[in-house]
Amino acid sequence: MTAGTAAPRVADLAELVRAPAALTVPGDVVVGAAAAGRPLDGRTALTAAGAACLYWAGMALNDWADREEDARDRPARPIPSGRVTPNAALATAVGLTAGGLALAAAGGGGRALLTRALPLAGAVWTYDLVTKSTPLGPPTMAAARALDVLLGAGPGGARRALPAAALTAGHVLAVTRLSRREVAGAEAADAEQAMVATA
């Protein structure tokens, strides 16, 4: 923040990170925990909270990366409307990433941090800054959601959670590919593949 610049309101930050959309993320963690036989206890809740923070970080980073496009096409969003500065959005993404990693470490231990939470954070940042508009965008998104599932598996449970993670990745891959064409119009085959993957 520069001198004289007011801090963004909580409501504007909540809009920036699409706060309600993070409700989709704990389900990934719970699926991973259930597949691995991990109890749904406080440590799993911490892991889910960490995954939600990483999701919110991705949303803030998405709007930071798209701020010029949004100024043309979506001027009511928090950054182009002036309610959140680009620097504040980037700081929000960094802070939520750090918080998400800390919560994931508290919930799953140091090994989970190194083998799943850090790669998950890397996938989130890679998607928003590098691959989103490329053919690698959908696979990057799918990898992120698969890592959410594996994060929920906890120490020693990743192998048992691999089938659930693979199913989640397949579903997200198909849906993300479909969503990329929602404006221009998707091919019928894309919609059919998404339906099959969801089923």
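Before moving on, here are some points about what is shown:
- Filter result for PRO80 (more than 25 Å from PRO119 (Cα to Cα) and open to solvent by less than 50 Å² (accessible area, probe 1.4 Å)): yes
- Condition check for ARG72: surrounded by fewer than 21 Cβ atoms within 10 Å (Cβ to Cβ) and farther than 15 Å from LEU129 by Cα: yes
- Among the residues making up the range 97-134, a single one is open to solvent by 30 Å² or more (accessible area, probe 1.4 Å), over 14 Å from the mean Cα position of the chain (by Cα) and touching a residue at least 60 places away in the same chain (Cβ under 8 Å): ALA106.
- Leading residue by the ranking (modelled with the lowest pLDDT) among those in the range 135-162 that are open to solvent by 30 Å² or more (accessible area, probe 1.4 Å) and assigned to a loop (DSSP other than H, G, I, E, B): PRO155
- Candidates are the residues of the range 83-93 that are closer than 20 Å to GLY122 by Cα and aliphatic (A, V, I, L, M); the one that is surrounded by the fewest Cβ atoms within 10 Å (Cβ to Cβ) is ALA91.
- Test: residue in the range 74-85 that is closer than 21 Å to LEU16 by Cβ, in contact (Cβ under 8 Å) with a residue 40 or more places away in the chain and part of a helix (DSSP H, G or I): no
- When THR24, THR44 are checked against the criterion of being open to solvent by 60 Å² or more (accessible area, probe 1.4 Å), out of contact with any Asp or Glu (no Cβ under 8 Å at 6 or more places or on another chain) and of a type in the set (Val, Ile, Thr), a single residue qualifies: THR24.
- Only one of ALA52, ALA11 that is loosely packed, with under 14 Cβ neighbours inside 10 Å and either under 14 Å from GLY152 (Cα atoms) or without any contact (Cβ under 8 Å) to a residue 60 or more places away in the chain (or both): ALA11
The values are calculated or read from the model by the stated rules, or taken from the named source; none is laboratory data. Because the structure is predicted, anything quoted here is derived from the model rather than measured. Cβ coordinates were reconstructed from backbone atoms using ideal geometry, including for glycine residues, and neighbour counts include every protein chain displayed. Side chains included, ligands, DNA and RNA excluded: accessible areas come from the protein's heavy atoms. Shrake-Rupley method; radii C 1.70, N 1.55, O 1.52, S 1.80 Å.
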